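Asker: My structure is below; once you've seen it, I'll send some questions.
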Amino acid sequence: MRRAIDLAEKGRGWTAPNPVVGAVIVKNGQIIGEGYHQTYGGLHAERNALASCRESPAGADLYVTLEPCCHHGKTPPCTDALLEAGIGRVFIGAADPNPLVSGKGVQILRKAGVSVQEGVLQEACAEQNRIFFHYIRTGTPWVVLKYAMTLDGKIAAVTGKSRWITGEAAREHVHRMRHELTGIMVGSGTVLTDNPSLDCRIAGLKNPVRIVCDTTLSVPPDALVIQSAAAQRTILATACTDTERLKPYLAAGCEILPAIKDGAHLNLKQLMKALGRQGIDSILLEGGAGLHWAALASGIADEVCAYIAPKLFGGADAKTPVGGAGVASPAEAFRLEKQTVTDIGGDLLIRGIIARNGKGETSCLPES
């Protein structure tokens, strides 16, 4: 199963909104075939594993990270393929929360006489597909709040200059995340200040869908994200309904997503529902500080990735990664769980899941 988990990661960034899945076929103590879900719409892991077998899989064991599907989607049911191949035993990592599959795949296999063992490395398999689990259960994207800051909590010097806080290795890691997650979202202030491209600059990897939150349509039509919209999908979420003002953005290739206001800003919960309906299962939220706070306060943020450089900027007025009203007391702080600390080229990446209701409950764990 650990090999199957490793295989599944090869599909990261290519399968959304489907899960990443790996499969290994073992016969007489030897691996005779293996595969993974390579791309959305392509063959699932089980069928790729069967196709790779160097001998007949009849009577063999299958190890798969997620319950085999049993419905017709982009491809035929994997349960049919397993039964046709004569697989004798199936070991499953995590149950599939998709109502079209949940428990039904296991039931079909068992009814046909196949021995099925569930829950093999269940926690690891569920964690690997936390984005998929969250998306299936909520219909909204998994939102990762990402920022880079100095050891004294600054995302820019007092002059506003921010290039570069972290080193090349950390910046490359961010670009890989842009490939792995479906969308990247910023506020209009970030576009006005930095004029970013918001693309992935690693050859062979894909660009994310760009989402710009612009309540009043203040981003100029000559901004890089607007001018390159024909080449990279760009969604402009705005409460502006003036068709004349919208014309240059539509002409540039932007998609206009009508959004409702919550006070002076966009209603982020409603926006997440709208993006989820468009198949966007995950978002890398790259700020700025006001949007970061709004994401926390509204409850749409699920995970934090903080890159910390061993530098000190100082400056009472230098920008910090999270703005807004803030919490009233330490007891009200947003708390992380399952946090990890990784050294990336001398910078530290602190990553963790945002605890829910102060109880450490998260949406990525399998239901009992």
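The values are calculated or read from the model by the stated rules, or taken from the named source; none is laboratory data. Values in this document were obtained by computation on a predicted structure and should not be read as measured data. Ideal geometry is used to build each Cβ from the backbone, glycine not excepted, and the neighbour counts take in all protein chains shown. What goes into the accessible areas is simple: the full protein's heavy atoms, side chains included, and nothing from ligands, DNA or RNA. Shrake-Rupley method; radii C 1.70, N 1.55, O 1.52, S 1.80 Å.
Asker: Keeping every protein chain in place, order ASP343, ASP199 by accessible area at 1.4 Å, biggest value first, i.e. largest first.
Answerer: Details: ASP343 105, ASP199 35 Å².
Ranking ASP343, ASP199 by accessible area, largest first, yields ASP343, ASP199.
Asker: Output the pairs from LYS104/LYS269; LYS261/LYS338; LYS146/LYS338 with a Cα-Cα distance over 25 Å in this structure; if there are none, say none. If you can, show how the numbers build up before the last one.
Answerer: Numbers: LYS104/LYS269 32 Å; LYS261/LYS338 34 Å; LYS146/LYS338 16 Å.
Result: LYS104/LYS269; LYS261/LYS338 exceed 25 Å.
Asker: Below 12 Å, Cα to Cα, which aspartates and glutamates can LYS10 reach? Residues fewer than 8 away in the same chain don't count.
Answerer: GLU180
Asker: List the relative contact order of the range 152-293 as a percent without decimals, with contacts defined as Cα pairs under 8 Å and 6+ residues apart.
Answerer: On the way: 207 pairs, mean separation 35.1, N = 142.
So the answer I get is 25 percent.
Asker: Could you sort the peptides 323-335, 237-249, 273-285 by per-residue average Cβ neighbour count (10 Å cutoff), highest mean leading? Spell out each step's value before the answer.
Answerer: On the way: 323-335: 10.5, 237-249: 14.8, 273-285: 20.7.
Sorting 323-335, 237-249, 273-285 by mean packing, highest first, produces 273-285, 237-249, 323-335.
Asker: A further question on this structure: Got the relative contact order for the range 127-175 handy, in percent, Cα pairs under 8 Å and 6 or more residues apart? Walk me through the numbers on the way to the answer.
Answerer: Numbers: 20 pairs, mean separation 9.9, N = 49.
Computed over the range 127-175, the figure is 20 percent.
Asker: Just the Cα atoms of the range 105-256, one point each, no solvent: what log10 I(q)/I(0) does Debye give at q = 0.11, 0.17 Å⁻¹?
Answerer: -0.60, -1.10
Asker: Here's something else I'd like to know. Based on DSSP, what percent of beta bridges with both residues in the range 181-279 are antiparallel, to the nearest 5? Before the final figure, lay out the partial values.
Answerer: Details: 2 of 15 bridges.
In the range 181-279, approximately 15 percent of DSSP beta bridges are antiparallel ones.
Asker: For the chain, calculate the relative contact order in percent as a whole number, restricting contacts to Cα pairs under 8 Å that are 6 or more residues apart.
Answerer: Working: 812 pairs, mean separation 59.6, N = 368.
Value for the chain: 16 percent.
Asker: Kindly provide the pair-distance distribution of the range 200-306 built from C-alpha pairs, with 5 Å bins from 0 and whole-percent values in order of increasing distance.
Answerer: Per 5 Å bin, starting at 0, the Cα pair percentages come out as 2, 11, 21, 24, 21, 14, 5, 1, 0.
Asker: Which value in deg cm²/dmol, rounded to the nearest 500, describes the helix-derived mean residue ellipticity at 222 nm for the chain, given -39,500 (n - 2.57) per DSSP H run of n ≥ 4 and division by the residue count? Display every interim value, and only then the final one.
Answerer: Details: 12 runs with 100 residues, N = 368.
Taken over the chain, the calculation gives -7500 deg cm²/dmol.
Asker: Carbon and sulfur atoms: what percent of the 1.4 Å accessible area of the range 16-82 do they account for? Mind showing how you got there, number by number?
Answerer: Values: 1240 of 2610 Å².
On the range 16-82, the fraction of accessible area on carbon and sulfur atoms equals 48 percent.
Asker: Residues in the range 248-279, backbone N under 11 Å from the label point at ASP242 (7 Å along the Cα-to-beta-carbon vector): list them, ranges by number please.
Answerer: none
Asker: If you take every DSSP beta bridge whose two residues both sit in the chain, what share of them, in percent to the nearest 5, is antiparallel?
Answerer: Numbers: 26 of 61 bridges.
Roughly 45 percent of the DSSP beta bridges within the chain come out antiparallel.
Asker: Could you do me a favour and compute the accessible area per residue for the range 35-182, 1.4 Å probe, result in Å²? List each step's numbers first, then the result.
Answerer: Values: 6530 Å² over 148 residues.
Result: 44 Å² of accessible area for each residue.
Asker: Can you give the three extents of the C-alpha atoms in the range 253-356 along their principal axes, from longest to shortest, in whole Å?
Answerer: Principal-axis extents of the range 253-356 (Cα, largest first): 41, 33, 29 Å.
Asker: Oh, and also: Please express the Cα-Cα pair-distance distribution P(r) of the range 70-193 as a list of whole percents, one per 10 Å bin, running from 0 to the bin with the greatest distance.
Answerer: Result returned by the calculation: 10, 27, 24, 16, 13, 8, 1.
Asker: Based on the alpha carbon coordinates of the range 48-104, what radius of gyration and maximum Cα-Cα distance (Dmax) apply, in Å?
Answerer: Expressed in Å, the Cα Rg and Dmax of the range 48-104 come to 11.5, 34.
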